[in-house]
Structures are given as structure tokens and as C-alpha cells.
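Colleague: Have a look at this one before I ask anything.
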Amino acid sequence: MNVPDKRARKKQHRDEIRAAQQAALQRRRNMRLLGAMVVLAVLVGGAIFFSREEPEAPASGAGSATEEPEEPEETAEAACGAEAPPEAAPKTDYKEPEQVTKDGVDYQAVIHTSCGDIVIDLLEEETLESVNNFVFLAREGYYDGNIWHRVEQNSVIQAGDPNGQNGVPPDGPGYSIKDELPEKSKEYVYGVVGMANAGPNTGGSQFFVVIQKNRPAGYQPFYSIFGKVIEGSTEATPEEIGCNVDGEGLIPTLEAIGCQPTDTGASDPTAAVKPIVPVFIESIEIQEG
């Protein structure tokens, strides 16, 4: 897809939305004006019919104020010069994930984000339950509109919390799945996709991507590894991203998300790693091969 063309389409879409909002606003103004004229005509007619007295002057200031024009609603902002998708509304009372993956099928996931796409090779042969869980939730639209609520530069990015507030219930889909753990901690390298948890066998919907460069992230082998990012290119300009994402062997979209500024001075540790301008997951596309 040609990036400038896509940007032009996005701008055209924004212009169309604003034009529609302006038209709706003008219609509301016309209706209010028409209603006011009808009411005024009725009052004047009634006064003439029922009374021969001169009408009283309006109280001081009454009817003298001009109506302030309404401003059209602005489209919500997202990182990397994007627009926010529709608000997330994930279901959080699932009993368990449905069995949706099939034997002998290779699965990939394309995560469409505010800062570009992330293509992930899902490791169904090594972590079948974790992959099935992720595929099930993605196809349910669970992640649509979700934010990357944890961004630690040169360390990790994390998403999948249904309300985008880690530690504030609900934190998952309503169930937990068992761990499928790697043998060694050194496996948590750049681009690895793991299942976040709150302890043994408590994985649900939250997942993370390691963006630690040059060496393993240093995590203990307590998190299922169910995918590996294989490619991804940002569709935003360096100016829109706010940082330089160039780097040999690095994945531009991961770098674009990973460099988003956070409120590092916040007293709440979860707020300190949450991007100031949200980075959204627009949708997740599951591909079979």
C-alpha cells in the first residue's frame, strides 16, 4: 500500500467527518431558529388577540444575548499522527476460550496499530494453548480499540488490558489459562511475544513484546512465549512519531511505539509507563498458512 495515498485517504476521511459535523450543526441551528420563530409568532398573535394593552418591555438582558455557536466534536487523538478507533468494548465474562486453531495450520497475526502494523509468527507448535487463546480473542474483536498501556523504552511494550488500566479490574477476559513456559530466561529477546500474568497459570488477554536491544530482557522464565515479531513498518513520518525509528535490524513499528513519551514523574508506577498520547490496537488480523 502506498503510504502517501493512505495518508491522503485518512485526511479525506477526517475532512468528510468534519463536513458532516458542520452540516449537522447547521441543521440543528436552522431547526432551533424555526422553532423560535414559531413560538414568537404564537406569543405575538396571542397577545394581540387577548389584550389591547401595550406589551411589556423584556427584562434587562432578556433576549439580548447572542447564541454561542456550537463547536463540532474533534476526532480523538492517537500517537503517530493517527486517529483513535472506536472505543474498546471487550467482553470480560468468558468462561474459557473456544478451541479455534486447527492441527497442521501455521498461524500469523497482523496487529494494526496507531503507529503501523506488527506481523507476528505465532508459535502454535510450542505453545498451542496460548496461541489458541490469542487467536480466539483476536477473532472475537477483544483487542479492537485497546491501548498499549505499558511502554518502557528499550525494554517492553504491553497491551491486552480490557480497560487499559493495569491493576484496575477487570484485567482479563474472565478466565485464566495454564503456563507453557520456556526453558531458559535468555529466550526473552527482541521481538519475542509473551503472555503477561499475575502469577503461575494466570494468563488471560494481556501480552507483551520485548523491545530490549542487543541482549535478552533478563526476565525469569515465568511467561509463556507464543510468538515472534517477524516484520512491521510504521506508516507515520518521524515528525508524527516524535522520534527516530531507524536502526539496523530493528522493527520500525516496535520502535515507534517504544519511543512514545510517558509521564515518568508520576507517583503511580502504572501511570508512569502509560503513553501520554495513546497508542491503539485498531484490530488484529489472524492469517492461516
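Colleague: D for segment 88-288, whole µm²/s, Stokes-Einstein with Kirkwood Rh over alpha-carbon pairs at 37 °C and 0.692 mPa s: what number?
Modeller: Approximately 195 µm²/s, per Stokes-Einstein.
Colleague: Among the GluC sites (Glu not before Pro) in segment 110-160, which ones are in a DSSP loop with at most 14 other Cβ atoms within 10 Å of the Cβ? Mind listing them?
Modeller: GLU125, GLU126
Colleague: Let me ask you something else. Quick check for you: which residues of segment 260-289 have the amide N under 18 Å from the point 7 Å beyond the Cα of GLU87 toward its beta carbon?
Modeller: 278-282
Colleague: Which GluC sites (Glu not before Pro) in segment 179-222 sit in a loop by DSSP (not H, G, I, E or B) and have at most 16 other Cβ atoms within 10 Å of their own Cβ?
Modeller: Details: sites: GLU180, GLU183, GLU187; in loops: GLU180, GLU183.
Filter output for segment 179-222: GLU183.
Colleague: Give me the number: length gained by fully extending GLU140 to GLU285, i.e. 0.36 nm times residue separation minus the C-alpha to C-alpha distance, one decimal in nm. Spell out each step's value before the answer.
Modeller: Values: separation 145, 0.36 × 145 = 52.20 nm, distance 1.08 nm.
Here the answer is 51.1 nm.
Colleague: Now, a different point. Only sites in a loop by DSSP and with at most 13 other Cβ atoms within 10 Å count here; which trypsin sites (Lys or Arg not before Pro) in segment 174-208 make the cut?
Modeller: LYS178, LYS184
Colleague: While we're looking at this one, here's another question. Calculate the FRET efficiency for ALA266 and GLU98 from the Cβ-Cβ distance with a Förster distance of 45 Å, rounded to the nearest 0.05. List each step's numbers first, then the result.
Modeller: On the way: r = 38 Å, r/R0 = 0.85.
About 0.70, to the nearest 0.05.
Colleague: Output the pairs from LYS102/LYS186; LYS95/LYS186; LYS184/LYS274; LYS184/LYS228; LYS178/LYS228; LYS102/LYS274 with a Cα-Cα distance over 25 Å in this structure; if there are none, say none.
Modeller: With Cα atoms farther than 25 Å apart: LYS102/LYS186; LYS95/LYS186; LYS184/LYS274; LYS102/LYS274.
Colleague: If each residue's Cβ is checked for other Cβ atoms within 10 Å, how do CYS259, CYS80 rank with the fewest at the top?
Modeller: Exposure proxy ranking, most exposed first: CYS259, CYS80.
Colleague: Now for a different question. With contacts defined as alpha carbon pairs under 8 Å and 6 or more residues apart, what's the relative contact order of segment 88-288 in percent?
Modeller: Working: 486 pairs, mean separation 61.6, N = 201.
The normalised contact order for segment 88-288 reaches 31 percent.
Every read-out reported here was derived from the displayed coordinates using simple, explicitly stated rules and does not represent laboratory data. Bear in mind the structure is a predicted one, so any value in this text is a computation, not a measurement. Here Cβ is always computed from backbone atoms with ideal geometry, including for glycine, and neighbour counts include all displayed protein chains.
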